[in-house]
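Asks: First the structure, which I've put down as structure tokens, then a few questions once you've had a look.
The values are calculated or read from the model by the stated rules, or taken from the named source; none is laboratory data. Predicted model only: the values in this text are computed from it and were never measured. Here the Cβ positions follow ideal geometry from the backbone for every residue, glycine too, while neighbour counts run over all protein chains shown.
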Amino acid sequence: MRVPVVQHRSRRRRALGRRALWTGGEFLVTAGVVLLLLVVHELWWTNREARQGAEHQVQALERQWATPGAGSGGTPSANSGLAGGSSPRRSTSADGSTTVTGSAATTPRRSQAYAILTIPRLHLRVPIAEGVSKQNVLNKGYVGHYPGTQQPGQAGNFALAGHRNTHGEPFRYLPRLRLKDTVQVETSAATYTYTVDKILPQTSASDSGVIRPIPRSTVRPAYGYSQPGYYITLTTCTPEFTSRYRMAVWGTLTSTHLR
């Protein structure tokens, strides 16, 4: 009777196969854990960190404005006058609010937080900083002011951008805004109230018309304005978790309360 002989070569191949399977399994598990950590970092940690930083910046601005002489230092002020040197023109409405038809010509430093955006419907209160740099503005949970557009209360278009997802995601729920909702912008000298009157649900990411002095979409011309005015524009990515398209919410200045 012949006894079967196990070849050393076959045994070695089976051992190498088991080792390869084990190594491959370890790699897949490790990759899965790393991906999970990245998702947690993007969806939870960046939001937590940015929101805390934004809250602290709002508190810092409020403390600064409560200090006498806080209107200096490059922060736009309704009392600073127009570019031509004239003072703002003021009128009082029936409810006692003051409307200002002129505002500051001073431009804040790049990435400087200088105002606070409040949107009651969204329970949102975040800093506004100069510029739309991801690293220095948007990723901090701030809302960024498009350079070259007007400042709060000025004639033209005060245009802002904010993240829809991650890094504080201040504009995540921007689609919940409705016509006649209010948007407030606070500076060291005044609180400007804008009323939402137009919404552009989706347009190209390169649609520069939405932030022009008279905002009107160049991609969807039915959306926008045709006359000069005092406008605010809020922009963010759409749909969620992509940057393929943009949405815009527009409002018109309805009142200004001086400090």
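Asks: Picking from Tyr142, Tyr114, which residue would you name as being buried (at least 19 other Cβ atoms within 10 Å of the Cβ), over 10 Å from the mean Cα position of the chain (by Cα) and closer than 23 Å to Gln64 by Cα?
Replies: Tyr114
Asks: Quick one: count up the residues across segment 145-172 that are part of a strand (DSSP E or B), more than 11 Å from the chain's Cα centre (by Cα) and not hydrophobic (A, V, I, L, M, F, W, C).
Replies: Narrowing segment 145-172 to residues part of a strand (DSSP E or B): 145, 156-161.
Narrowing the set further to residues that are more than 11 Å from the chain's Cα centre (by Cα) leaves 156-158.
Then drop every residue that is not not hydrophobic (A, V, I, L, M, F, W, C), which leaves 156-157.
Total meeting the criteria: 2.
Asks: Still on this model: Out of all the residues in segment 189-201, which are at pLDDT 95 or above and either farther than 18 Å from Arg246 by Cβ or β-branched (Val, Ile, Thr) (or both)?
Replies: Ala190, Thr191, Tyr192, Thr193, Tyr194, Thr195, Val196, Asp197, Ile199, listed by residue number.
Asks: If we keep just the residues of segment 202-259 that are in contact with a strand residue (DSSP E or B) (Cβ under 9 Å, 6 or more places away or on another chain) and charged (D, E, K, R), which is modelled with the lowest pLDDT?
Replies: Step by step, filter segment 202-259, then rank; the result is Arg259.
Asks: Being hydroxyl-bearing (Ser, Thr, Tyr) and closer than 24 Å to Thr166 by Cα, is that true of even one residue in segment 218-233? Even if it seems obvious, please write down each step before you answer.
Replies: Restricting attention to segment 218-233, the residues satisfying the condition of being hydroxyl-bearing (Ser, Thr, Tyr) are 218, 223, 225-226, 230-231, 233.
Now restrict to residues that are closer than 24 Å to Thr166 by Cα: 233.
Checking segment 218-233: at least one residue is hydroxyl-bearing (Ser, Thr, Tyr) and closer than 24 Å to Thr166 by Cα.
Asks: Restricting to segment 182-211, name every residue that is within 18 Å of the chain's Cα centre (by Cα), surrounded by 16 or more Cβ atoms within 10 Å (Cβ to Cβ) and not in a strand (DSSP E or B).
Replies: Thr187, Asp207, Val210, Ile211
Asks: Kindly indicate whether any position in segment 82-97 is surrounded by 15 or more Cβ atoms within 10 Å (Cβ to Cβ), touching a Lys or Arg at 6+ places or on another chain (Cβ under 9 Å), at pLDDT below 95 and assigned to a loop (DSSP other than H, G, I, E, B).
Replies: Checking segment 82-97: not a single residue is surrounded by 15 or more Cβ atoms within 10 Å (Cβ to Cβ), touching a Lys or Arg at 6+ places or on another chain (Cβ under 9 Å), at pLDDT below 95 and assigned to a loop (DSSP other than H, G, I, E, B).
Asks: Is there any pair with a first residue in segment 163-188 that is over 20 Å from Thr203 (Cβ atoms) and a second that is surrounded by fewer than 18 Cβ atoms within 10 Å (Cβ to Cβ) and of a type in the set (Asp, Glu) whose Cβ atoms are under 8 Å apart and which are 6 or more apart or on different chains, and what are they?
Replies: Thr166/Glu42; Lys180/Asp197
Asks: While we're here: Do you know which residues across segment 212-236 are under 18 Å from Tyr146 (Cβ atoms), without any contact (Cβ under 8 Å) to a residue 12 or more places away in the chain and outside any strand (DSSP E or B)?
Replies: Thr218, the sole residue that qualifies.
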